[in-house]
Amino acid sequence: MFVISILLLIAAVVLFFVGRSNDSKGLRLGALGAVLAGVFSLIVSMTYVVSAYEVGVPVAFGKVGQPMTSGMHVKSPFTDVTTFSTRPVDLNLSDKDVVEVRSSQGGVMEVEVTVKWAVTPGKAVELYRLAGSEESIQQRLVYPDSREIIRNVFARYTSEQGYASDREKINAEIGTLIKERLAPRGIDVTAVNLRNVKPSKALQDQIDRKIQQQQATERATEASRTAKAESDRRRIEAEGIARANKILNDSLTDKVLMNQCIEAYKEAAAKNPVYAVPCGGGTGNPLIVDGTKR
C-alpha cells in the first residue's frame, strides 16, 4: 500500500505539471485526485487493525517491537505485523500422531492425549522469535515437547500402572510438566487429557497370561485353604471322639456296670416276669432276660 501511495503521488506531480504546461483543467483535476488517493493510501499503510482475540508483533527492518493488542494502531509504512490468535487450540495426539511409549519394564503402549493451549499475549514477542508464525508454534514447540514429556513420564511407571492403576496420577504429572516447560515460552497450557492407553499386542498377550496365572494361583490357594479347613475339622472331630471315649472308658468301672444292671433288672421285673443269668461270661454281671418275649 505504501508503494501505491508513492506511485500515486508521483503521478499527481506529473499530471499537475503537464496540465499546467498545456493549460488543461482536466489534467489538473486528475492530479488532485491522484494526490488524494495517494494520501489515503499512505494513511492506510500507516495503520493496522488487530482483530479481537489476537495479538500482533510488529517488525521493522529486522527489529521486533512491542506486542500490539486488539484495536487500531499507527505504525511505520515499513513495519510488518505478524498476528497470533489467543483462542485456545487443541493438539490431538491420536491416530497417526499417537504417542508410542515404553514402561519401566519395557512394555510398549499407545497413548492418546489432548493438549489444550493458548498464546500468552504478553509473551508474543518471545513466541515470534522462537516460532516465527502461529502455525509453527504447535509444530515446533507444543507438539515435540508434549510427546517427549509423555514418553519420559510413562518410562517411570510399570505397564500395569500406565494402563490401569495410576492413570490419573500420570495424567496430572504430564500436565504439570508440559505447563512448566511451555509457560516460559509464552504458551499457556490450560488442560491435558490422557484419553486412552492401549497396550501393544505383545504386551496384551503378557497381560492375559499373567491374569490366567493369577486366577490359577487363586484357585489353587482356595483349594488348599478348603482342604486344610476340612482336615482341621476332621482332626477336631476325631480328638473330640477320642476324649469322649476316654472319659467313658474311665467312668465305666465294674461297680458302675453292676449298678446299671441292677437298675435295669428292677425296671424289667416291675413290668414283666424276668430271670437273670450271669452277664459277661461269668464275671458276676447279671444278664437280664425278658421272659415274656421267648
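The values are calculated or read from the model by the stated rules, or taken from the named source; none is laboratory data. Fair warning: this is a prediction, and the values are worked out from it, not measured in the lab. As a convention, Cβ positions derive from the backbone with ideal geometry for all residues, glycine included, and neighbour counts pool all protein chains shown. Surface areas here come from the heavy atoms of the whole protein model, side chains and all, with no ligands, DNA or RNA. Shrake-Rupley method; radii C 1.70, N 1.55, O 1.52, S 1.80 Å.
Annotation: Arg233 fulfils all but one of (1) open to solvent by 60 Å² or more (accessible area, probe 1.4 Å); (2) modelled with pLDDT under 75; the unmet one is (2).
Which condition breaks for Gly106 when tested against (1) closer than 30 Å to Arg167 by Cβ; (2) in a strand (DSSP E or B); (3) at pLDDT below 85; (4) not charged (D, E, K, R)? All conditions are met except number (2). Residues that are closer than 20 Å to Gly186 by Cβ and open to solvent by 40 Å² or more (accessible area, probe 1.4 Å) within region 49-72 comprise Ser51, Ala52, Tyr53, Glu54, Lys63, Gln66, Pro67, Thr69, Ser70, listed in sequence order.
Against the test of being acidic (Asp, Glu), open to solvent by less than 80 Å² (accessible area, probe 1.4 Å) and either more than 30 Å from Val59 (Cβ to Cβ) or touching a strand residue (DSSP E or B) at 6+ places or on another chain (Cβ under 9 Å) (or both), the options Glu222, Glu160, Glu173, Glu218 yield a single qualifying residue, Glu173.
Of the numbered criteria (1) farther than 24 Å from Gly65 by Cα; (2) free of Cβ contacts under 8 Å to residues at least 60 places away in the same chain, the one Ile137 fails is (1).
What number of residues within region 152-175 satisfy the criterion of being among the aliphatic types (A, V, I, L, M) and out of contact with any helix residue (DSSP H, G or I) (no Cβ under 8 Å at 6 or more places or on another chain)?
If we filter region 152-175 for residues that are among the aliphatic types (A, V, I, L, M), which is where we start, we get 153, 155, 164, 170, 172, 174.
Now drop any that are not out of contact with any helix residue (DSSP H, G or I) (no Cβ under 8 Å at 6 or more places or on another chain), which leaves 155, 164, 172.
Residues in region 152-175 being among the aliphatic types (A, V, I, L, M) and out of contact with any helix residue (DSSP H, G or I) (no Cβ under 8 Å at 6 or more places or on another chain): 3 in total.
Taken over region 78-97, the criterion of being surrounded by fewer than 16 Cβ atoms within 10 Å (Cβ to Cβ), farther than 16 Å from Tyr53 by Cβ and not basic (Lys, Arg) is satisfied by Phe78, Asp80, Asn92, Ser94, Asp95, Asp97. A residue that is farther than 21 Å from Gly175 by Cβ and assigned to a helix (DSSP H, G or I) occurs nowhere in region 60-71.
Of all residue pairs spaced 6 or more apart or on separate chains, those with beta-carbon atoms under 7 Å, a first member in region 82-98 that is under 14 Å from Val115 (Cα atoms) and a second member that is in a helix (DSSP H, G or I) and open to solvent by less than 20 Å² (accessible area, probe 1.4 Å) are Leu91/Val142; Leu91/Ser146; Leu93/Ser146.
When every residue of region 138-146 is checked against the conditions, at least one turns out to be of a type in the set (Ser, Thr, Tyr), out of contact with any Lys or Arg (no Cβ under 9 Å at 6 or more places or on another chain), at negative phi and assigned to a helix (DSSP H, G or I). Of the residues screened, Val153 is one that is part of a helix (DSSP H, G or I) and either open to solvent by 80 Å² or more (accessible area, probe 1.4 Å) or modelled with pLDDT of 90 or more (or both). Quick check, is Ser104 touching a residue at least 40 places away in the same chain (Cβ under 8 Å), within 41 Å of the chain's Cα centre (by Cα) and surrounded by 14 or more Cβ atoms within 10 Å (Cβ to Cβ)? The answer is no for Ser104.
Taking the numbered list (1) modelled with pLDDT of 80 or more; (2) over 35 Å from the mean Cα position of the chain (by Cα) in turn, Ile247 passes all entries but (1). Cβ contacts < 8 Å: first residue touching a residue at least 12 places away in the same chain (Cβ under 8 Å), restricted to region 186-197; second residue of a type in the set (S, T, N, Q) and part of a strand (DSSP E or B), any location; separation 6+ or different chain. Result? From region 186-197, the pairs are Ala191/Thr114; Val192/Thr114; Asn193/Thr114; Arg195/Thr114. Scanning region 109-144 for residues that are of a type in the set (Val, Ile, Thr), crowded, with 16+ Cβ neighbours inside 10 Å and within 28 Å of the chain's Cα centre (by Cα) gives Val111, Val113, Val115, Val119, Thr120, Ile137, Val142.
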